[in-house]
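Here's the structure we're looking at; comments come further down.
Derivation of every value follows stated rules applied to the coordinates shown; laboratory data play no part. Predicted, not measured: the structure shown is a model, and the values here were computed from it. Don't worry about glycine lacking a Cβ; one is built from the backbone with ideal geometry, like all the others, and counts go over all protein chains shown.
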Amino acid sequence: MNADPTLVARLPIELPALDWITDTARVARLSQDFAWFSPVLKRQLADKSADIAVRPRTEAEVRAVVAACARDAIPITVRGSGTGNYGQSIPLHGGVILDMSGYNAFCWVRGGAGRAQAGIRLADFDRQARPQGWELRWLPSTFRSATLGGLFGGGFGGAGSITYGPIAATGNVLGVRVMTVEPEPRLIELRAPDAMLLHHVYGTNGVVLELEVALAPALDWIESIVTFGSFDAALEFASGVGSAPGLVKKEVCFLGAPVPDYMSALAEYLPKGCHAVLVVMAESSQAGMENMAAAAGGRITYRKTAAESGSRTLLEYTWNHTTLVALKLDRTLTYIQSGFEPARHLEQVKALERLLAGEVMMHLEFLRTKDGAFNCSGLQLIRYSTEARLDEIMQIYREHGVTINNPHAFILEDGKQGELNPAVVELKRRFDPQGLLNPGKMRSWYALDADADEAYAPSVNADN
Ligand SMILES: Cc1cc2nc3c(=O)[nH]c(=O)nc-3n(C[C@H](O)[C@H](O)[C@H](O)COP(=O)(O)OP(=O)(O)OC[C@H]3O[C@@H](n4cnc5c(N)ncnc54)[C@H](O)[C@@H]3O)c2cc1C
């Protein structure tokens, strides 16, 4: 069931001062994200679109839209910049795209914490925090366009997670200001841990207006590429640098051959067929890292200070930018997301490389887990053949004790969340009692709430 078009069409007439987008092509663009990375999601979500989009600039404007939608039972899909890659911000049942990118003020930095409106771009946040000596603890590789609210609602972490873990680690997010979806919307400040009930739930249980996050000291980072002839030597170097407690770092990314061959813009630094490690280190730690590289037989082919890198940063070759860069050259590729066991990660990576090399290309991001263990997660590139084979590959990974955070699913419980914390669903009952936020994405809502509108419930296999 979709939103009632007559009621949707009334919104811009009732609220004429707001920035409405009604042009069908623009609404369709604002209804898409990077779900096209997945051939499965691309097929399932191709025809999904909102009926209208709106770009509020003030809290009063957000409130006016939310109140009107709640009154008329119109679905709302909140959007930051639409860089999510699981169809998180693609509306399944039409309605309104609430584009938060215009609600983007930087509020303050104090005592190692910072606060901003949800629509602020991460790069803008850092631009305003750095003169005060602080920066964000994690930057997804989409930091130029992605918003703080979108990272919280649909992301994991990124560069910086090697020191601070994922966003979900205790102490990273301190509080959120939320608007409920009711005819008279309420404004609620939630402090951690309750604030985390809105994290990575695809904007299904509240409209996040502001976020307060702990920050990291701003440093001058040096970016390097270290290349190797041997897969194992490169892997062990990446793991060794990543776990070295005295080295201050922001990013350690391992790219097994032939992944570096896809980075055509960096070709002069990446000899064909090499294995490469991309590292971003504090200036004081660079010499230590270079000594470790030499001892491991690695060659430093690229070294740039922040000033020398300018706007061209290696971060935009890491995390899912690796996937994007490769997809630009070969649209037949896809990817998987995997989490290794901290105590056995090297052994598991080597075994899976031996088994699937050629079909699965190893890309690893080193990080600390939510509980602080040193580990790596994989964003392996796949030479895609069929959905059945993709499932088989993910199953082989699971059989090796590796967790798969399936990026080919748009329903919360089918992705990395698995079973939802009942408190998340309870919060939805309080903050979005009609189930209007991003309907169809949270299966537990329809299973647990007898009053939930069954018309919005996902089908059993989500294959709509
Ligand atoms: C090339 C590429 C690289 C990426 N690299 C990384 C990475 O390194 N690390 C990482 O974690 N992710 C990564 N991602 C995923 C994504 O870019 C990030 O999670 C990003 O932070 C999402 O921000 P956004 O503003 O684009 O959010 P959107 O995609 O617009 O939204 C994401 C989800 O959050 C919800 N949401 C947005 N704003 C609000 C709000 N104010 N209140 C409530 N809900 C809200 C939306 O409804 C949606 O479900 C990558 C994606 C791509 C395509």
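For this structure, a couple of remarks:
- The trypsin sites (Lys or Arg not before Pro) of the stretch 225-277 meeting both criteria, a DSSP state outside H, G, I, E and B (loop) and at most 15 other C-beta atoms within 10 angstrom of the site's C-beta, are K272.
- Helix 345-356 axis, angle to the chain major axis (alpha carbon atoms, nearest 10°): 90
- Comparing L148, V208, M289 along the charge dipole axis of the chain, the residue lying farthest to the positive side is M289, per the Cβ-charge model.
- Fewest-first ranking of I97, I167, using other Cβ atoms within 10 Å as the exposure measure: I167, I97
- Taking other C-beta atoms within 10 Å as the exposure proxy, L219, L30, L367, L329 rank L329, L219, L30, L367 from fewest upward.
- Those lysines that a straight Cα-Cα span of less than 16 Å connects to K250, excepting residues fewer than 8 apart in one chain: K304
- Residues in the stretch 360-371 carry Karplus couplings, in order, of 10, 9, 7, 10, 10, 10, 7, 7, 9, 6, 3, 9 Hz; the curve used is 6.51 cos²θ - 1.76 cosθ + 1.60 with θ = phi - 60°, and Gly or Pro positions show x.
- Sites I300 and R191 - FRET efficiency at Förster radius 41 Å, r taken between beta-carbons, to 0.05: 0.40
- Förster radius 35 Å - calculated FRET efficiency between A218 and R344 (Cβ-Cβ, nearest 0.05): 0.50
- Residues in the stretch 153-191 that a label on L7 would reach, taking backbone N under 19 Å of a point 7 Å out along Cα→Cβ: 180-186
- From phi via Karplus (6.51, -1.76, 1.60), per-residue ³J(HN,Hα) for the stretch 234-242 in Hz, x at Gly/Pro: 5, 4, 5, 4, 4, 5, x, 5, x
- Under 5 Å, built H, 5+ apart or other chain: amide partners of L437: I76
- Under the combined filter of DSSP loop state and at most 15 neighbouring Cβ atoms within 10 Å, the stretch 292-394 retains these trypsin sites (Lys or Arg not before Pro): R312, R331, K370.
- Long-range amide H partners of L174 with built H, under 5 Å: E212, V213, A214
- A simple rule links phi to the HN-Hα coupling: the Karplus curve 6.51 cos²θ - 1.76 cosθ + 1.60 with θ = phi - 60°, which for the stretch 138-152 gives 9, 10, x, 5, 8, 4, 5, 10, 5, 9, 5, x, x, 5, 5 Hz, with x for Gly and Pro.
- Low-density loop cleavage sites - trypsin sites (Lys or Arg not before Pro) in the stretch 151-198, where at most 13 other Cβ are within 10 Å (DSSP): R186
- Report summary: the helix-based calculation at 222 nm, which adds -39500 (n - 2.57) for every DSSP H run with n ≥ 4 and divides by the residues of the chain, gives -8000 deg cm²/dmol.
- Footprinting exposure proxy ranking of Y269, Y202, fewest other C-beta atoms within 10 angstrom first, gives Y269, Y202.
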